[in-house]
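Encoded as structure tokens, the structure appears first; notes follow it.
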Amino acid sequence: MRRPFVAGNWKMHGTRAQNAQLIEGVLHGVADGSPTEIAVCPPFVYLWEVARLLKASGISVGAQSVSAEAVGAFTGEISASMLKDIGCSYVIVGHSERRALYKEDDALVARKFLAAQTQRLTPILCIGETLEERERGDTLQVVARQLTAVLDLVGVKALATAVIAYEPVWAIGTGKNATPEQAQQVHAQIRAEVAAHDAKIAGGVRLLYGGSVKAANARDIFSMPDVDGGLIGGASLKADEFLKICAAAQVH
Ligand code: PEP
């Protein structure tokens with residue numbers, strides 16, 4: 001009942017030529033009517049062109065961030081309405097790199113989530129603990145705090161048109177993925193937190209795992225009952241690897 005979903009976060013990688021090649025590879029290998037929903041999230045400047053290249057392919061385009069503001073004197077920012085205007089369907093909010101490197105706090109992430117939904121973009125809300133927080137035994141508390149900040153601003157019904165990505169910070173780009181059991185434990189907790197507000201919404205919301213997912217470990221992680229797919233960084237930059245991960249999400 002929850003369609004598997006795999007989104008590629010290209011981060012600050014790529015050139016026009018490399019993007020075209022990557023997309024060609026993905027389009028070549030993707031099956032028509034793929035059971036897995038697929039999205040790619042290129043850097044802002046390439047969104048327009050990538051959206052054009054993927055037109056009518058069934059693969060969606062998402063941005064990696066968005067301004068919390070609607071319009072105005074915010075030099076360097078990109079609004080949700082601009083993303084919608086050029087063909088985006090998704091936007092990642094609260095990625096740990098934005099939280100850590102650009103000091104985006106829970107309140108700002110919640111405002112970005114709201115800004116996205118105001119323009120009918122689907123937010124992919126990233127939450128997850130640092131290594132220090134995990135070692136202190138605070139994982140579930142941290143994830144609950146990050147989720148609550150959003151729920152307090154937008155309400156649980158907003159999760160009917162959102163995706164949540166659990167991304168343990170210690171697993172991102174490090175080659176150290178969470179075990180399937182570790183991922184399942186946190187995913188079950190996230191779903192339970194949502195269910196405490198609304199069981200129906202909890203049953204429908206897609207929970208992605210992110211953190212060093214590769215073709216070699218994707219199937220084991222995605223086979224967990226509360227893991228509905230993945231948010232993929234490094235491995236989304238290679239067409240064959242990304243396609244294998246998308247195929248592995250069909251385990252449900
Ligand atoms: C990410 O940046 O969201 C991510 C999961 O990265 P990686 O797959 O490279 O760990």
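Each of Glu167, Glu135 was scored by other Cβ atoms within 10 Å of its Cβ. Listed from fewest to most, they are Glu135, Glu167. In the range 73-122, the inverse of the mean reciprocal separation of distinct Cα atoms equals 11.4 Å; this is its Kirkwood hydrodynamic radius. Taken about its Cα centre, the range 1-97 carries a charge dipole of about 160 debye when Lys and Arg each add +1 at the Cβ and Asp and Glu each add -1 at the Cβ.
Looking at the range 1-117 only, what percent of DSSP beta bridges run antiparallel? Nearest 5 please. Counting DSSP beta bridges with both partners in the range 1-117, the antiparallel share is about 0 percent. Under the criterion of Cα pairs below 8 Å and six or more residues apart, the relative contact order for the range 158-252 equals 32 percent.
Counting only the Cα atoms, the range 1-132 fills a convex hull of 136 Å³ per residue. Taken over the range 38-97, the percentage of Cα pairs per 10 Å bin, counting from 0 up to the bin with the maximum distance, is 23, 54, 21, 2.
Mean sequence separation of contacting Cα pairs (under 8 Å, at least six apart), scaled by the length of the chain, corresponds to a relative contact order of 22 percent. Our coupling estimate for the range 117-122, obtained by passing each phi through the Karplus curve with A = 6.51, B = -1.76, C = 1.60 and θ = phi - 60°, is 5, 4, 9, 6, 8, 8 Hz, Gly and Pro reported as x.
Taken over the chain, the convex hull of the Cα atoms encloses 115 Å³ per residue.
Each peptide among 214-225, 108-119 gets the average number of other Cβ atoms lying within 10 Å of its residues, and from highest to lowest they stand as 108-119, 214-225.
Computed from the coordinates by the stated procedures, all read-outs in this text should not be read as laboratory data. Just so you know, these numbers come straight off a predicted model, no measurement behind them. All Cβ positions, glycine included, derive from the backbone under ideal geometry; neighbour counts span all protein chains shown.
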